[in-house]
Amino acid sequence: MSVPKEDLYRLVEAMPETKVLRAKRALEKILNEDNEEFLTEDEKMAAEKGWQEYLAGKARPWAEIREELARES
C-alpha cells in the first residue's frame, strides 16, 4: 500500500504542537530502524549527562532506587 507523502504532510500540519516532538521521534525511529544504535540528540544528551553525574560520584546503587520505587507503589 502506497501512501502519498502529501498525506503525511497534511497530518503533520493538523497535529497539535504538543504532539509534534513525539511524531518526530517516531518518524526518526522508523527511518533508522535498521540501525540499533540510533539515538536522538536528546537521548545522546541525556546519556552524556548521566555519565557525567556518574563520574562525579552522583550515581545511586540500583538496589537503593528499586527500594525507593517499591515504597512509592
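Every read-out reported here was derived from the displayed coordinates using simple, explicitly stated rules and does not represent laboratory data. None of the values given here were measured: they were computed from a predicted structure. With ideal geometry, Cβ positions are generated from the backbone for all residues, glycine too; neighbour counts draw on all protein chains shown.
Before moving on, here are some points about what is shown:
- Partner aspartates and glutamates for K49 [C-alpha distance under 13 Å; skip if fewer than 8 residues away on the same chain]: E41
- For Rg and Dmax of the Cα atoms in Å, calculated from these coordinates, the label among (i) 18.8, 53; (ii) 30.7, 105; (iii) 19.2, 66: (i)
- Largest GNM mean-square fluctuation across E43, E13, E33, computed for the chain with C-alpha springs under 10 Å, falls on E13.
- Taking the Cα centre of the chain as reference, the dipole from Cβ charges on Lys and Arg (+1) and Asp and Glu (-1) amounts to some 200 debye.
- Highest-fluctuation residue, K29, K58, K44 considered, GNM on the chain with Cα pairs under 10 Å: K58
- Karplus-based coupling profile of region 46-55, in residue order and whole Hz: 5, 5, 5, 4, x, 5, 5, 5, 4, 4, with θ = phi - 60° in 6.51 cos²θ - 1.76 cosθ + 1.60 and x standing for Gly or Pro.
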